[in-house]
Structures are given as C-alpha cells and as structure tokens.
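Contents: one structure, followed by commentary.
Where a number appears in this text, it was derived from the coordinates with a stated rule and is not lab data. Please read these numbers as outputs of a predicted model, since none were measured by experiment. Quick reminder, even Gly has a Cβ in these numbers, built from the backbone with ideal geometry, and neighbours come from all protein chains shown.
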Amino acid sequence: MHITKPTYQILTILGIPKIHTDLLWDLTFLFLVLGGLYFVFVFFFRNKLSRLRLKTKGKRQELAPIISNFLFHSPEDPKDEQKEYVQLKIRIREYLNDRSFRKIISQILFDLQKDVAGGTRERLFKLYKQLELHHDSFQKLESWRWETVAQGILELSEMEVEESYQLIQKFINDRRSVVRKQAELATVGLRKDGIDFLLDTTRHPISEWQQLKLIETLGKIKNYRPPQFKAWLLSQNKDVVLFALRLIKHYNQKGAEASIKELVKHKNDEIKTAAIQCIVDFNFVSALGTLKKVFWKSSNMVKINILNAVASLGSAYDILFLEEVASKESSFIIVGKAQSTINTIKPETVLPSKDILKVSHDEGKKGSFSKMDGEDTENKVDAIDVTYEEVLQSPPETIEVEDIEFYDAIEMPEPKNKTHPVEPITPAFELQPIEEGYGNSIDQLLGVLPSIGEDLDSSALIKGYDSISDLEKSQLVERLEEFADERELPLLEHIAENESNSELRFKAFKAMRSIKQSVPMDKGGDLPAKGTELPLEQQSIFYALYQYASDLDSKLILLKELMDVGDEKEIPFLKSLLAISNGVLLKTVRKALDKLENKSLVQEVTLSDEPPEAPKEMDGNGNTGRVQNEDGQKRDLEDDERIPLELLFLYEELGIKAAKKEGQDTFPFDFELSEEFFLGGSRDAQNGKKDYE
Amino acid sequence: MNSGVFDIFVEYMNIIFLVFSTVLFSMFSIMGYLSARNSIHYRNKNSFGDLSKVMASPLAPSITIIAPAFNEGMTIVENVRSLLSLKYVNYEVMVVNDGSKDDTLEKLIGAFHLEKIEYAMDPNWKSKPVRGIYKSNQKSFSKLTVIDKENGGKSDALNTGVYLSENRYVGCIDVDCLLQPDALLHVVKSFSQRSQKRVIAVGGVIRVANSCTISGGTLEEINLPKNWLAKFQLLEYTRSFLLGRMAWGRIDSLLIISGAFGFFDREIALAVGGYDTNTVGEDMEIVFRMRRYMHDEDIPYTIEYIPDPLCWTEVPESLKVLVKQRDRWSRGNLETLKKHKDMFFNPKYGRLGMLSYPYWFFYEWMSPILEFLGFFSIILFYILGILNWEFFLAITLAIYTFSVMFSFYAILWDVYSYNQYSKTKDILILMFCAIVEPFFFHPIVVWSAIKGNYKKLFKIQSGWGAMTRKGFSKAT
Amino acid sequence: MDKRKLLLAEDDQMLASLLKYRLERDGYEVVIEFDGRSVKENLEVAIPDIVISDIMMPYFSGIELVDYVRNKLNSDVPIILISAASNDENIVSAFEMGANDFIAKPVSPSELMVRVSREIKRHYCT
C-alpha cells in the first residue's frame, strides 16, 4: 500500500486493514493462466473427440463387411466364400489382441444388437461369445467404478450371456443405485425366472421408471410365461406390491380378485390407486362394496379414482351412494365427479341446474370402456362379463409349444409389438388354413366373443375388439390384414382411428386400403357386379380355383371336391357354369348342384351369414375337421407343420416347395397359380380375389 | 468535511468491493466444481439404456403440456403441431388462449377441427373465467385441448391449465418454444426415477434457437446466432444453465425453473395454489413456494434438473425488447425475494434459507446495484481526485479476467458434454464474445436491472412488456 | 433378368452396411445413402427399382421422402420404410402418403428380404 495522504497517518487508529493489491495482481495472473488453459482445453477436447470419431469411423467402415460376412455366413456357401470366411476369421483373431480394437468391435456389435432382430440377432450373440468379447465385460464387473460395473452388466445382459446370471444376481441389492438398477434389468432379462428372484430378494425401492423398464424387458423374452404375480402382493416391500399390481394388470391375471380387493384398504395411497385401477380393468364388480366403504376415509385423489371405478363398474344400485357423495362432499371436484358418474350410469339423471354442469362423462378415463361410446353401461358390462368367461375357458394349450418351435426354426418375423410378451399363440387361429381362416378366424379371434354369433355385426365386432388384450388385438389385426373384406371395414376404420398402437393402426389402414382398392376392381371384372358385393358366383372360392384350372381333368376333380366340401355359396357359381359348360363337365356340374342343394336344406342356419368361403365341414369351433386348402389340397388341422397363409411366402425364402412338403396330395397336378398367388397377391388377393383374373 | 474520515470511508468502500469480489470468486469457483461433478455424474448415469422404448408403454405416467398463448396467431398452428408430435404416448397438449386479441383461437379451431365441449368449471377457482373448452373432432388431434379464457396474464392462464388438466404431471412451457422430440421422455424419466424422494418439479436447459434451421417443427441444423445480441445471450445462457443451475442442482438447492420449460407435480402445484398472478417472476416464485410447502409439510422431495438440450427458444434480438425482458426479470426477482423474505438466513429452511436465498439476494439482486453504484463512485472518486488507481485497476482486471475465464470454462463444458457447434469458427466467435461481453453486453444487463429495480422500488406501474417474436422460419 | 436396383437410406452406418451385404447376397444392386439430402440427389438422377428408407433421417425424413417421390417425381416405385418405434405417429401419415410397407426396428434382415421381394413381385410381376 502506498497511500501517502497526510491525514492517513492520523487516522491509523481506526485500523484500516491493508489491501494487498499484489494479491489481486496475482489473482489476475492466475485467472489469465486458467483462461488460457481452458482455451487450449476447448480445442484439445474438440480435436480429441473428432479424432476419436474419425478413427472409430474408419475402423467401423473396415469392420462392417467383415462382421456382415460373419453374421450371414453359412456352411452351404460356395467354396470361395468359405475360404474368405476362414481368412477373415484368422485376421480378426490377430486384431483381437489389441484392446482398443476389442472395444470398438464390441461397441459395434452392441449397437447393432439394438437394430437387428430374428436369426441375425442370435448369430450376433454367438459371434460376440466366439470372439470372447464377453470376457472384457466380465472384467468390468470387478471394477471399483460404478459406471464401469453398470456398463459391464448392461453389456452382458444385452448380449444375452447367460453364464453371467449368477454373477449379476449378486448386485441386486447393491448400494449403488445405478448398478442395482442395471442388475435388476439384467436378472429379469437373462432368465425367465429372473423376475421371481428379483421380487423375492430385492430389499430396495423400485422406482416407477425402473418398473416400466422391467416390464419392457419381460416383454422381450421369448415365450415368456408370467408366474402368478399375486404371490407378491403380500410382500413387505411396498414397491414390490405396487410392481406386482402393475404386472398383474399388464399380464391380465384375473385370479387375484380377493387380494386386490384387500389392497384397496391399504394405507398407502399409491397402492390403493393401483388396486382400484386393477379393479376397473378387470371388472371386479364385487369390489364395489369395499370401494364404497373405503371411500369416506380416502384422500381426494383416491376418491376421484373410486368414483371413476364406480362410473365404469357401477349400476343403478350405486346411484344412492353417489347421491350421498354429491350431497355430503365439500370438494367441488368430487361433487362434480359424483354427479357426472351418476349420469354415466344413468344418463340424464342429474340435469344441468346452473350453466356449469358437466353433461357427458369424462373422456380419456382409463377403464376398458373408454373407447366405446355407448351410454348403456349395463349392456357393456354384460358384454364384457361374457368375454371374461370365454377367456377363462380358453382353448387347450398343448400343441403350441411345438408350433412355436417350428416358427423359430423358420425364422418367422417376430410379432412386432415389442411391448408385449411373445405369448404362446392360441392354436385355434394360428393353424387356420386359408378358407376357414378367411372369415372365421376373425370370429375365433374375437373368440371369445359371444356377440358375434350369427352375423358380422360391426358394432359388436368393434366392442369385442376393444375388450380384447393388446396381444390379441395385434394378432387380430394381422389376420385382418390378410383376410378382411369390406364387411370388416367398419372394424378396420375403428381400429385405424382409435387404436393407440400406431403399428396396429397402420396395418388397419393398409388392410382398408387394399379392401377399398379391390372392391372397385371387381366391378370392372368380366362378370356383372351387384352393388359393392362380389357377384354371387364369384363368392365361391371355387370360382377362383376354377379360373386357374387349365384342363378338363383338373376341372372335373375340382368339381368333385366341391361336391364334398362345398356349400350353398357355391350354388350360384355352379349355376353360372351350367351356361358355359358342356359334355362331361356339364353333367358333373349338374350332379354337384343337386348334391349341394340337398345339402343346403339340412344345413344349419348358423353359418348362413358367415363369410361365403367358409366351408361347411367346420364344427362349431372351427378347430378340427378337414378343410379345403387354397391349392385344393386336403390339409389336416392337427398337422403341426402347417404354417399360416401369410407366412407361406416363407416357402420361397426357405426354398421349400409348398406342394412337395405336403404329403397327402389329393390332386395329381399343381395349379399354376400357386407361387404367384402366394407371393404376388398374398395381401390383396385374399379379400377381393381380384388378382385371379 | 474532514478529508481523513472521508478517506477512511473510501478505504472501507474499497474493502467492501474487495470482500464482495473475493466471495464472488470463490462462489463461482465452487459452482464450477459442483457443476462439473454433476455433469459427469449425469453423463455416467444416463449412458445406459434406451429412452425411446419406454414411450411405447401404456403404463408410462401421464403428462399435460400447458402452453399459454396470447396473440400468437402468426405461429400458433405450426407450434401446436410441433407440440403434438412429441415422442411419448401418454400426454396431452393444452393450449390456453389467454384472451388473445388476434385470431389465435380461430386459427386453432380451423386447423385442428375443434369443437366446443361442455365442461364444469369450479366457480370458486380464482382464475379469470373460462369462455369455452375445445376438443378436436378428429382422432389424430385427440391429444389437443384448447381452453379459451378471458385475459388474465401468463400465470393466470397457466393456473387454469393446471387446474383443468387431469394428468399427474403438468408442463408449463412457452408456446413458441421448440421441444426436442424426446423431451418428454427425459422429463418423465426424471420424475419417476427417484424412489425415496418425491420429485416435485423438473426443469431444463433453454437453448438459443436464433438462426438455427427449423423445418416442420424439428431442429435441423444448429447454428450460432447471426445477431450479436443473441450471441451474447447464448454465452450467458450457456454459463447460467450449464454451470449455474447444474451446480445448484447438485446440492439440491435449485430455486428457479425457467418459465419456458418447467414441469411440476400437479398435486403439489395445486396444493400451493398454482402460480402467483401478482408477480412478473411467477416461474421463480412458484418454485420458492413449492419448496417451502414441502419443507413445511416435511416430505422428502427434490427438484430435478436436466442439462440435455431439450428446449430451444428464440431470444430477443433487439435492444429494446432485451431491456424490457431483463427489466421484468429483475422486478420478478425482487418481488419474489420480498415475498419470501422470512426465509433469509432462516435455518428452518436448511440450505434453501442459508444458501440459495442469500445467493439470490446478494448476487442476483444486489450485485447489479452494487456494480452500478460502484461505477458511479469511481467516476465520483475520479472527479474528486481520490481514486486509488492501483487498487481500481487491480480489482477491475481481476474481475475481468475471472469473468472471461469463467465463460471459457462454460464453453469448455459445453464442448465437452454436447459439442453442438461444429465449426471451429463458432467457438472462436463465442470466445470473442466472452472477452468483449463485459464491455458491451454486461452494461446493458446491469442497466435493465437497475431500471427494473427503480420501477419496482418507486412503484412505477409496468406490465409484462410484450415480447415481439419474429417467429421461427418454419417453412416446410 | 438384370439386377434390381435398390436404394437404401439409413443413417446408422453399421446397420446400413449389414443390410447392404445381405441384400447384395440376394442379388440386388444396393446404393446406401446416409442422409436425406443425398437420397434426394440420388433420386433426382435416377429412380431405383425399390427404395428402403429409415423414417428418422437427417435433413429429410422418410415421410418427406415418400411425399417427394410420389408427388414431385410422380413415381410409383415401391417404398419400404424402416421405423425406430413401432408406434410412431408418422407411420400412418407415411402410409397415407403412399408408402408401400413398413418394418420396425429392430430389423430382421430375412424379414426385410421377404418384404422386398414381395413388393418387387407385386410391383413388377403383375
């Protein structure tokens, strides 16, 4: 300090602390240096990052074809390729000694794993192990850094290294949350019983996000059969109970009615709410009493949930309770809710008194009814109740396993709805060969649905659609995509507009488009059209086959076959033949006509409004019996090796000739249409058969 | 007047400046350290897993985005379209037309095929009356709800939205903000990944969208703003969001969530009565209140902060608008601090009372005033010939170098964690901004703050200050 | 028959080269483009026999691509879209614009092959 004012000396008593200006200069210098350092660092990091990116990019480009080669290599490849494969293998072995290289290649495989599916994905996992990259991941588990451990767990689980299960299990109660979360996901993903172990052993809370991730992981497991999650409703861990409720809801396990009803009395609001949600989703009408009892002691949030539940489950009996709520409650929201609930149950009970009353029930409420527009709640409840019974007596599941294995073997495209488990597919519709699948598969899918007995009433279809589970929905839509015709248009429109899963929506759109395209094309056909319906004579499946039967013999055989399996739908077709046939053919046609007309007299009426192509022999369930196939070959339904029509194009993929595969040819000849038919028109052709011309 | 006493006064003045600066240096250094720690932690934690998968799950929690609109007719349709195309299943968009005087509502009705629906509104709810609620008759816009109400200001519009929303979480955003498609996924993740504490609010970074290429509601190319004022603001935003809030987030003392991108637990937001309509700093005030509420109720809670660039907004490019904006900010700041003054060094509120509040008091509110006064006293001292030149130079330089260094540090973190400006030239320009900022941009900010404080302290009526938007060039 | 020309627009390099390898093995002539702009440039020069495109592409999304091909180039070349999320809202609009098929990520290469050959057969052999 160089302050030299004269007065300064006098006033030193006041003790002005000295200011060390030098210190400030030093600080300035320090900041300058730091600023300079940061400046350098900025460019250092930028360069480093971009160099690393470039290097990895180069390596990636180099490795890409090699990995592709490995992944698509098969022992049947020609000699040259075999040689190349071996050479590449040797080359990569050398590379693998380099740590940074190993890092890059495992990163590539890891990234790729997210993008590919099916057999390629399996081969990728194999390759990962063959290259012994999983040893690096194992090493990561021993690191002291949590992010490395978590990374290791992630790699091992994503690459499906099953050996790591035991090791990873130990991290389930790890102190470090990220490690623990990864371990939970890995445990569930690696083994089918992982979720059981997790729910049994975890002592830690499971956050909501984590629960979603776990469910998603479960959904990825092939052929997953969920255990009865109600066992965990008794858990001491609050989050396990919540999670179990979620799982019960997710997997539609309706057997836990009593336990769920008890949980409504739980002191935790979250559990309460989740339980109420389950009750609504499963239509446990018997829980209404309990709900009403707990109502008065609940918080406002829970009260609203209970009222929502009453709105979707309740009947006229509950109005008294609701009126009590409306009169006793103080909260405006709850009073409003109660009134709107009364109106939902019995429309127009509470009429607007001021200018502020809500008229319609809230939209967007979760319950399973939300998508139906009806006012008539009781009716809906009935419909759903029956559905529920039907589901309980769902078809036997004995042959599915082999079935699925067969699909795996031929690399069937996986069902695309990844959020749902690949549940065993009910054989009833999977094994459906073409004609009966045509109209009937829909009925069967909807199953299940009592309302669709006689005719394809579209509103019943729509209601039915809304009540089935997501998995069933996706199966149904897949089927519709192949088989639907204009009668299913309302249902398709409904799906296209209301379905929340846009993949389904997309498919519905697709089906709609192909139907809409095919209808006008038929009109332009060589036979006169009647309205939007197909000409009567064309409604017969035999019409199409007949067009393709090139010679007299085949035509005769076809007619004989028709006599056996045809129904009155074929009569117009035969009549149309009368006009153009001659000689032997004419005789056979007449014979067939007689036979069918007799037959149709004794025919039950039930099937009269079925899709025209549905053959007669089918029994009520359509599960058994011999059915006419597209090629006119008899197929036995119990035959495990049959694949559904929409997968028939796989025959080409696999180089299998459909006709040869089939042992029991009734016909000595192949129809010329077969291949073209399956491949070219498999989608459009089925509904309108326009491609037959 | 005794010149000796005066000298002592001057000396003490210097000491105050020195102490203030030293505290400032150390605080910002600690901040830099904390934010670095938090950034690294955040990055490590989020390097796993794929966000996009969860969006498909119907079990994902529901969320409502509330976007108040006032005279936005020019851009509203495009903005809403972009909001409707976010990647998430379970969400709803609620546009609250706050009595616009232009054709905002008509445009919306026309573009989204809206129809008026009946709905009961609580007559006791304090917001301005709702004129009508509209829903689209088309399924593809079923996520959209438009609420038409009488003009009551942004807070009032948001309150109506929060009240009418039925979802668990509500997001309050500026309608002209551009959200990244995966924004809601991040938000929902932040809300639901805690199991011990209740997450009552989630805030995020606001990025500067000026001069970026935007087409069809998505950000195509990230560019440095061409306008210099916007460049400075970009630097300022980087510093405050990437370092400042990140650091506060680390010690769980975040006191502000931007009004342009803030998400709340609806239940708590309603419990505290929603936004305060009597302040222009409502986005800060509600966080204060929600935190206080949780403290008073003694429920373990936290506020999450997402540093990922999720929300992009246009910053003012004209001086006039900028001054108005900052003026408003400082008024809001003052109002909020005044309203919650009993929290000042109140140990009952823990870190909130002992750390966050004082920080806001001293460094967000007082420092512009001190700077302003300091500037004038220097001129005064100079005129009186008593300026301690050496000290003045030393401390000015120290502060200057520190501020440049700190900006560089922020740029470093931005490059290290996101590296969004790919051109080396852009980085150099930003650094140049950091060097000249204290001479050009900073005085503007200080001046605006003084203006705001003056207005507030001397009770001069002033409203929100309309922000005239240029509108994103959303040509498709 | 000549090799079918196929344009593959996919921004993930590894996936793109994997699919290219697989498609080439099946006798297609494959050109990969990694971003939307070059896809556009490529299409301006010549229209391939079939286009496979990711919906999420930099600069030029799959939707825009479909729109561009159908309305600007007036071509009915089969377009198969690859989408990252199965419930992508965009899928429906892409379909409305005239996309022929779509396949969700993760992609099964053999499934893609089947779809490609189906589209080709339908478009060129009927």
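Listing A:His73, A:His135, B:His113 from fewest to most neighbouring C-beta atoms within 10 Å gives A:His135, B:His113, A:His73. Close amide H pairs (under 5 Å, H built 1.01 Å from N) link B:Arg131 with B:Asp148, B:Lys149, B:Glu150, residues at least 5 positions away or on another chain.
Counting only the Cα atoms, chain C fills a convex hull of 96 Å³ per residue. Across the alpha-carbon atoms of the range C:11-63, the computed radius of gyration and Dmax are 11.0, 30 angstrom.
Where does chain B land at 222 nm, in deg cm²/dmol rounded to the nearest 500, when only DSSP H runs of n ≥ 4 count, each adding -39500 (n - 2.57), divided by all residues? List each step's numbers first, then the result.
Working: 14 runs with 226 residues, N = 476.
Helix contribution divided over all residues of chain B: -16000 deg cm²/dmol.
Roughly how big is chain B's charge dipole about its Cα centre, with Cβ charges of +1 (Lys, Arg) and -1 (Asp, Glu), in debye to the nearest 20?
Numbers: 51 positive and 46 negative charges, 62 e Å.
Using Cβ point charges on Lys, Arg, Asp and Glu, chain B gives about 300 debye.
Starting from one equal scatterer on each C-alpha and no solvent at all, send me the Debye-based log10 I(q)/I(0) for the range B:359-463 at q = 0.14, 0.15 Å⁻¹, two decimals. After summing over all Cα pairs, the log10 values are -0.76, -0.84. Debye-formula intensities of the range A:21-130, expressed as log10 I(q)/I(0) at q = 0.16, 0.21 Å⁻¹, are -0.82, -1.16 (one equal scatterer per alpha-carbon, no solvent).
Residue order for A:Ile248, B:Ile369, fewest other beta carbons within 10 angstrom first, comes to B:Ile369, A:Ile248. Rounded to the nearest 20 debye, the dipole magnitude of the range A:21-130 is 220 debye, with +1 charges on Lys and Arg beta carbons, -1 on Asp and Glu beta carbons, and the Cα centre as origin. Only helical runs count toward this figure. For chain C, summing -39,500 (n - 2.57) over DSSP H runs of n ≥ 4 and dividing by all residues gives -13000 deg cm²/dmol at 222 nm.
In terms of surrounding Cβ atoms within a 10 Å radius of their Cβ, B:Lys231, B:Lys451, A:Lys222 rank from fewest to most as A:Lys222, B:Lys451, B:Lys231.
With N as its number of residues, chain B has a Cα radius of gyration that, divided by 2.2 N^0.38 Å, comes to 1.01. Partner shielding of C:110-118 amounts to 6, given as the average count of beta-carbon atoms from other chains within 10 Å of each residue beta-carbon. Over the range A:247-297, all Cα pairs binned in 10 Å intervals from 0 give whole-percent P(r) values of 27, 61, 11, 0, listed from short to long.
Note on the range B:312-388: semi-axes of the ellipsoid equivalent to its C-alpha gyration tensor, largest first and rounded to whole Å, are 29, 23, 10.
Calculate the mean, over all residues of peptide B:377-385, of how many other protein chain Cβ atoms lie within 10 angstrom of the residue's Cβ. Each step should come with its number before you reach the end.
Numbers: counts 0, 0, 0, 0, 0, 0, 0, 0, 0.
Mean shielding by partner chains, rounded to a whole number: 0.
Can you check what the net charge comes to around A:Ile271, using other residues whose Cβ is under 12 Å from the Cβ of A:Ile271 (Lys, Arg +1; Asp, Glu -1)? Present the calculation step by step, with values, prior to reporting the outcome.
Details: positive: A:Lys238, A:Arg246, A:Lys265, A:Lys267, A:Lys272; negative: A:Asp239, A:Glu262, A:Asp269, A:Glu270.
Charge balance in the 12 Å sphere: +1.
How many percent of all Cα-Cα pairs in the range A:177-334 sit more than 23 Å apart? The answer is 42 percent, as a whole percent. Sorting the Cα pairs of the range B:202-292 by distance into bins of 5 Å, from 0 upward, gives 3, 12, 18, 19, 17, 14, 11, 6, 1 percent per bin. Using only Cα positions of the range A:166-226, each an equal point scatterer, no hydration layer, compute I(q)/I(0) via Debye at q = 0.13, 0.16 Å⁻¹ and quote the log10 values to two decimals. Log10 of I(q)/I(0), two decimals: -0.28, -0.43.
Across peptide A:40-49, the average count of Cβ atoms from other chains found within 10 Å of a residue's Cβ is 5.
Shown here are the Rg and Dmax of the Cα trace of the range B:49-318, at 17.9, 49 Å.
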